[in-house]
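Heads up, the thing below is written out as structure tokens.
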Amino acid sequence: MRLPFRAAAFAIAFALAAFPLPSPAAAENAPVVVFAAASLKNALDKIAAGWTAKSGVAVKASYGASPALAKQIEEGAPADLFISADLDWMDYVEKKNLLQAGTRDNLLGNSIVLVASPDWTKGEVKIAPNFPLADLLGGGRLAMAGVAMVPAGKYGKAALETLGVWNSVANRLAEAENVRAALALVARGEAPLGIVYRTDAAAEPKVKIVGTFPDDSHPPIVYPAAALANSKNPYAEALLRYLAGPEARAIFEKDGFAVLARRTSS
Amino acid sequence: MDWLQFSPDEWDAIRLSLRVATVGTFASLPAGLFAAYALARWRFPGKIFFDGLVHLPLVLPPVVTGYLLLILFGRRGPIGAFLESAFGIVFSFRWTGAALAAAVMGFPLLVRAIRLSFEAADRRLEDAARTLGANAPLVFLTVTLPLALPGILAGLVLAFAKALGEFGATITFVSNIPGETRTLPTAIYTYTQVPGGDANAARLAAVAIVLSLAALVVSEFLSRRIAARIGG
Amino acid sequence: MFDVAVRKTLGDFVLDARFQSKAAVTALFGPSGAGKTSIVNAIAGLLAPERGRIAVGDAVLFDADAGVDIPTHRRRVRVVFQESRLFPHLTVRQNLVYGRWVAGKTASERLDEVVRLLGLEDLLGRRPRTLSGGERQRVAIGRALLADPMALLLDEPLASLDRARKQEILPYLERLVAAAKMPILYVSHAREDVERLAGTVVMLDSGRVKSVEEIKR
């Protein structure tokens, strides 16, 4: 009866490997779960690593479009901190009484730029009222995050409307799920141009910035951060304070974000 | 029954899904017939690999299939660039791309069903046709194909239903452009990602269920009628 | 009219048969498993012999030494199979004209003639599965006859019928033999059928020709 025994042993080993039992040490310091706007990925990963090294507590970051994250929080997703890419979605969560009182503050600022794919040959674009965006696109599409809901898309649409160009490109969009997906479309050459944050363009070597949208063409870009009411993690607030601290500031600024939080000591 | 009112966006998604699934499925029929016949009747070197290739979309994660389609048929992919410059055929962000993804994902189901019915076709009847003067193409068209019709139909319906529900490959390959590639499943997904989209998602999900059921019922009905006419 | 020499090994069974016949109807007679159907298949082109030569009338259909192997669909050797093998998805009429249809010709006047000969008037619009065994065989005979045959092979056409049906069909077979102006090979394991119809009887057993007998009529 050796075969069934071996099969059973194999099955048990497989199950153990697939479902590791929680080790006692990990239960003490449950990781801090952060829901953050997609554009924060590069900077936040570095900052989180730095904080974990200092505090010994792990960080689990979930990046996505702010409306998607807001919806998940609303449905009870187990997040400790939320960093949105605009005020609307933080307001949304606040109205549902899901924020921990007194923890909300504006953390970062950003700007939006026009990026071009690797095979772009038309040089710099002067972004001014009525600039010939539709012509520049040729037969291609303008990659943007979803213009109805996602902050990067909303800022982009607002800027295009202010500049009087929105109608000429409204049906020539390639709307992506979040700003990083839009960035990928341009990087891959699927879309010749795209509107993303300056910080995204800096993070992706394959795209070139060919134009910058004036700050007054769209509402100010503000990333608020807050702790969530249902958070049970005692380290959440420590991480939130760290995000406003000098080590985090240095990394954010290096990646191109404007840091709005008041300077604090660490 | 206000909640049954579909918005223009929702109608777009329904119409697009039907168009994508129909075009994708029927466009893949000739290749499906060929592959099924080759697998059922011929012996050739590399047959096992051919069989594996045909079944690949069935076992690969759909997003991997979509990714491979992107690499090959995207604007800068070898096949995509050629088709665009030679024939003006573009798949990126277009419903044609969604149809291609749907066709590829449904292909294994199509081939499996048709292959079974070719294998079941009575060879003795084909022999009789040959003795009556029919050459190989005529035997195929006048005897094999009509006898295999119930299986071909079943395969088409399966592939159609798969195409209606195709999501992973579509969204990876041609993204989610309203009116072009926002099919039913993609639209439902988009609605579930934003606050306030739940009612839309539920409505479209109901439509998807109804369409799939209808496809199954029609295929069953047609299959039985044809089998009855052929039987014996 | 039939000049047949075939050799083929099928598993344990070795077919090595040779016969010639100038009669209008040649009977191939022998017990089950003797190789009769294999010979029919070889003449029709459904079985490729390893060695030998097959000629029907003036036409050489197969010659191993000369490298001749006419494809089945060009042999104009029509077969009536034991299990009729009517096309289930076609009507009786469509079955009957199948041979002319694949040749790209319209149904000839012969259709009415053959329909009358075999008593098929009331069956034309029906489908094979609604017919009795005897009716199916009559249609099968008509189908072969209407396909511009150069020769007819009947492979135990009555074997799957009961006594009453057999008696019903035999007159039709006799009419067929009288009306057909081409060599007919009639395969059977029943002596009475053979005696009624044949001019030459080829006795086959275990793959070999045991005797060739001419019957005086």
Overall form of the protein assembly as shown per C-alpha gyration tensor (a/c, 1.5; a/b vs b/c):
prolate
Only helices counted: for chain A, with every DSSP H run of 4 or more residues adding -39500 (n - 2.57) and the sum spread over all residues, [θ] at 222 nm is -11500 deg cm²/dmol
Antiparallel %, DSSP beta bridges [both residues in chain C], to 5:
60 percent
Going by how many other beta carbons lie within 10 Å of each one, how would you line up A:Lys157, A:Lys46, fewest first?
A:Lys46, A:Lys157
Stokes-Einstein diffusion coefficient of the range A:112-217, Kirkwood radius over Cα pairs, 37 °C, 0.692 mPa s, in µm²/s
251 µm²/s
What average count of beta carbons from other chains do you get within 10 Å of the Cβ of residues in B:119-130?
5
Write down the radius of gyration of the range C:59-162 and its Dmax, each obtained from C-alpha positions, in Å.
14.7, 49
Reach of A:Lys122 by Cα under 17 Å, taken over aspartates and glutamates that are not fewer than 8 positions away in the same chain
A:Asp135, A:Glu190
Would you mind ranking C:Leu170, C:Leu185 by Cβ crowding within 10 Å, fewest neighbours first?
C:Leu170, C:Leu185
Among C:Val6, C:Ala17, C:Pro88, whose Cα lies farthest out toward the positive end of the dipole of the range C:2-214, if unit charges sit on the beta carbon of Lys, Arg (+1) and Asp, Glu (-1)?
C:Pro88
Here P(r) for the range B:139-232, Cα-Cα distances in 5 Å bins, as whole percents, is 2, 13, 17, 17, 14, 10, 9, 8, 6, 3, 1, 0
Name the shape class, rounded, prolate or oblate, that the alpha-carbon gyration tensor gives for chain C, where a ≥ b ≥ c are the square roots of its eigenvalues, rounded holds for a/c under 1.5, and otherwise prolate holds if a/b is larger than b/c and oblate otherwise.
prolate
Counting DSSP beta bridges in chain A, what percent are antiparallel, to the nearest 5?
55 percent
Share of antiparallel DSSP beta bridges in the protein assembly as shown, in percent to the nearest 5?
60 percent
How big is the charge dipole of the range A:112-217 about its Cα centre, in debye rounded to the nearest 20, if each Lys and Arg gets +1 on its Cβ and each Asp and Glu gets -1 on its Cβ?
120 debye
Alpha-carbon Rg/Rh ratio, for chain A, with Rh computed the Kirkwood way:
1.08
List the lysines whose alpha-carbon lies under 27 Å from that of A:Lys95, not counting same-chain residues fewer than 8 positions away?
A:Lys41, A:Lys60, A:Lys71, A:Lys154, A:Lys157, A:Lys232
Cut-off under 28 Å on the C-alpha distance; same-chain residues fewer than 8 positions from C:Lys216 excluded. Which lysines are left, in chain and number order?
C:Lys22, C:Lys36, C:Lys166, C:Lys181
Comparing C:Ala66, C:Ala55, C:Ala180, which has the greatest mean-square fluctuation in the GNM of chain C with Cα pairs linked when under 10 Å apart?
C:Ala66
How far is the Cα center of the range A:135-211 from the Cα center of the range C:122-172, in Å?
76 Å
Between the range A:97-126 and the range B:177-208, the Cα center-to-center distance that results, in Å:
27 Å
Could you please state, rounded to a whole Å, how far the C-alpha centre of the range C:37-96 is from the C-alpha centre of the range B:105-125?
27 Å
Convert each backbone phi in the range C:48-58 into a coupling constant with the Karplus relation 6.51 cos²θ - 1.76 cosθ + 1.60 (shift: θ = phi - 60°), then list the ³J(HN,Hα) values in order as whole Hz, x for Gly and Pro.
9, x, 7, 9, x, 8, 10, 10, 10, x, 8
Counting helices only, and only those DSSP H runs with n ≥ 4, report the 222 nm mean residue ellipticity of chain B as the sum of -39,500 (n - 2.57) divided by its residues, in deg cm²/dmol to the nearest 500.
-25000 deg cm²/dmol
Across 5 Å bins beginning at 0, the whole-percent shares of Cα-Cα pair distances in the range B:78-164 come to 3, 14, 16, 13, 12, 12, 12, 10, 6, 3, 0
Of the convex hull enclosing the alpha-carbon atoms of the range C:120-196, the direction-averaged projected area in nm² is 5.4 nm²
Could you work out the mean count of beta carbons from other protein chains within 10 Å of each residue's beta carbon in C:97-103?
5
Lys, Arg +1 and Asp, Glu -1 on Cβ, resulting dipole of chain B about Cα centre, debye, nearest 20
720 debye
Using only C-alpha positions, report the orientation-averaged shadow area of the convex hull of chain B, nm², one decimal.
15.6 nm²
Ranked on Cβ counts within 10 Å of their own Cβ, fewest leading, B:Arg41, C:Arg191, C:Arg136, C:Arg100 go C:Arg191, B:Arg41, C:Arg100, C:Arg136
For the range C:75-132: Kirkwood Rh in Å [reciprocal of mean 1/r, alpha carbons]:
12.3 Å
With +1 on the Cβ of every Lys and Arg and -1 on the Cβ of every Asp and Glu, the dipole magnitude of chain C about its Cα centre, in debye rounded to the nearest 20, is 380 debye
Cβ under 15 Å from A:Ala236's Cβ, A:Ala236 left aside: what net charge do those residues give with Lys, Arg +1 and Asp, Glu -1?
+1
Given the range A:26-108 reduced to its alpha-carbon atoms as identical point scatterers, what log10 I(q)/I(0) does the Debye formula return at q = 0.19 Å⁻¹?
-0.86
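Values quoted throughout were computed directly from the atomic coordinates according to the rules given, and no laboratory measurement underlies them. As the structure is a computational prediction, the values presented were derived from the model and not from experiment. We place every Cβ from the backbone using ideal geometry, glycine too, and count neighbours over all the protein chains shown.
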